[in-house]
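A.B. asks: One structure is given below, represented as structure tokens, and several questions about it will come after.
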Amino acid sequence: VYKGTGTSVTVTGLSSGQNYKIMAYVYKNNTGSIWSAVTPTATITGLGTANVTNVNALAGNAEVQLHWTNPGATCFNEVMIVANAGAAITTVPTGDGSAYTANLAFGSGSAYGTGYVVYKGSYSPQTVTALTNGTSYCFSFFTRNGTTWSSGTSACATPANVTKLLPGDLAIIAVNTQCLSSGSDDEIC
């Protein structure tokens, strides 16, 4: 895979899930053809598709916003997210991803185990809608490279009906009608 005087080389065309041995030979030609009797060997294992990192699920009213960091740009084709009410889906997908249709409205994408495919792509963040407040949802993130999938990682959140304050809204957090320490009779926070 390499011939030269360099100190490093990038080898392409390797397959995920395979183990490889690399051997280096030294050749000295200034006094004749002499090959080194010592051949250092290195074993490369664990060539797999990397998971996304920094996974975060932020709950809102009947929705959850998902954030993540993609693996290196050349290490994957797409991210597929599966949503499930309850526990995270751990079954790794198969194939090139074309069998799965995604829809950010929960229940509208391809069924996957007891959950649904909600997203396929590579852009973070994404917001999953049509969720039921008070129900815990887990989101499993799988990364695909060709037909090889990562082991997956997950994040969970429980949507809730929350009050969103808009500019100009007033929120009273506390009322104390006898605040002796400040010297006044009434105090509003």
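The values are calculated or read from the model by the stated rules, or taken from the named source; none is laboratory data. All values derive from a computational prediction rather than experimental measurement. So basically every Cβ, Gly included, is an ideal-geometry build from the backbone, and we count neighbours across all protein chains shown. Surface accessibility is based on the protein's heavy atoms, side chains included, excluding ligands, DNA and RNA. Shrake-Rupley method; radii C 1.70, N 1.55, O 1.52, S 1.80 Å.
A.B. asks: Just to be sure I understand the model, the point goes 7 Å from the Cα along the line to the Cβ. What's the resulting Thr53 to Cys156 distance in nm?
C.D. replies: 2.5
A.B. asks: What does a probe at Asn77 reach in region 117-160, counting residues whose amide N is under 16 Å from the point 7 Å along Cα→Cβ?
C.D. replies: 120-122, 142-151
A.B. asks: If r is the Cβ-Cβ distance from Ala62 to Ser136 and R0 is 22 Å, what FRET efficiency results, to the nearest 0.05?
C.D. replies: Working: r = 14 Å, r/R0 = 0.62.
About 0.95, to the nearest 0.05.
A.B. asks: Computing the accessible area with a 1.4 Å probe over protein heavy atoms, can you report the carbon and sulfur percentage for region 61-184?
C.D. replies: 52
A.B. asks: I've got another one for you. Would you please give the FRET efficiency between Ala85 and Ser122, computed as 1/(1 + (r/R0)^6) with r the Cβ-Cβ distance and R0 = 22 Å, to the nearest 0.05?
C.D. replies: Values: r = 25 Å, r/R0 = 1.16.
That gives a FRET efficiency of 0.30.
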